[in-house]
Amino acid sequence: MLSGKIALVTGAGRGIGRAIALTLAGYGADVAVNYCGSEAKAQETAEEIRAMGRRAIIVKADVSSQEDCERMFKEVSEQLGVPDILVNNAGITRDNLTLRMSEDDFNKVISTNLKGTFFCMKLAGKQMLRKRYGRIISLSSIVGLHGNAGQINYSAAKAGVIGMTKSLAKELAGRGITVNAVAPGYIDTDMTAALTDAQKEAMQKQIPLGRIGQPQDIAETVAFLASDKAAYITGQVISVDGGMGI
Ligand code: NAP
């Protein structure tokens, strides 16, 4: 489904990003595995990809830094080739009720989740324009669509990702480049591991399909959007949430 394609996945050492990187490789893509702090985990992801017979490199970059993003795209292009597929997965949370949230926690979440996605969209868009081909897929969230108490910073960033996705889709549609977003519900990763058992149970009760999502649930949707099977889909947000947002 993706043989001959080159993918760059941000935050691909662990969690959803790791599942996306492995799944894209499983469908035939060569993958650049971006990480910020988890070098050993990024290395493991890359080794698993190589074991599948695909090419993989790891590339360190803090996506909230434009300079780092520029260097990352340069390294990926030189070592693997210009990406056909960009997955903006890197993300963080810094939760607090609005009245208690510091400017620093607001800024950190916006810088990583929103600005980081903007930098990568811009750099990938530039390269993909020359190819007249591309797939840009960004991780939004159910929280970007519906809001959540204690996550005003995160919901702003994830709603912003949807706005950027729709704007960029309109800008690039004439050049063979599709731009979409995936909005996960509650997925079992380090990000959600901090929740108490009571919170997890309450969350699970809100999921019509009756189970917490797995990274693979997201990865399969991303792989579909990255493939030519999704050639006529652009500017969309696909919810993968077990029905939580219905
Ligand atoms: P996670 O397990 O906490 O992993 C976060 C990933 O983001 C890590 O690979 C981390 O890399 C990377 N990252 C963080 N800051 C970065 C930076 N400045 N530069 C580059 N990479 C950075 O989170 P996850 O659950 O897999 O989430 C992945 C994406 O899905 C995020 O965008 C998240 O908002 C979204 N999402 C998750 C859920 C959920 O329920 N889990 C729901 C909706 C949306 P390092 O470890 O190398 O720093």
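Bear in mind that the values in this text are calculations on the coordinates, not laboratory data. Everything numeric here is computed off the predicted structure, so don't read it as measured data. We place every Cβ from the backbone using ideal geometry, glycine too, and count neighbours over all the protein chains shown.
Projected onto the charge dipole of region 145-230 (+1 at Lys/Arg Cβ, -1 at Asp/Glu Cβ, origin at the Cα centre), which of ALA223, ALA169, GLY213 gives the Cα projection farthest towards the positive end? Of the candidates, ALA169 comes out farthest on the positive side. Placing +1 on the Cβ of every Lys and Arg and -1 on the Cβ of every Asp and Glu, with nothing else charged, gives the chain a dipole about its Cα centre of roughly 800 debye.
Mean projected area of the Cα convex hull of region 105-246, taken over all directions, amounts to 8.7 nm². Extending 7 Å from the Cα toward the beta-carbon at both GLN199 and GLU39 defines two label points whose distance is 3.1 nm.
Charged neighbours of ASP228, selected by a Cβ distance under 13 Å, balance to +2 (K, R count +1; D, E count -1). Summed over qualifying helices (DSSP H, 4 residues or more, each -39500 (n - 2.57)) and divided by its residue number, the chain shows a 222 nm mean residue ellipticity of -14000 deg cm²/dmol.
For the cross-link pairs LYS166/LYS205; LYS166/LYS200; LYS108/LYS170; LYS41/LYS205; LYS60/LYS200, the ones whose C-alpha atoms lie over 30 Å apart are LYS166/LYS205; LYS166/LYS200; LYS41/LYS205; LYS60/LYS200. Pairs of alpha carbons in the chain separated by more than 27 Å make up 30% of all such pairs. Other residues whose C-beta falls under 13 angstrom from the C-beta of LEU86 contribute a net charge of +4, scoring Lys and Arg +1 and Asp and Glu -1.
Pair-distance distribution of region 1-53: all C-alpha pairs, bin width 5 Å, starting at 0; shares per bin in whole percent are 5, 26, 36, 22, 8, 2, 0. For TYR186, neighbours were defined as the other residues whose beta-carbon sits under 15 Å from its Cβ, and their charges (Lys and Arg +1, Asp and Glu -1) total -3.
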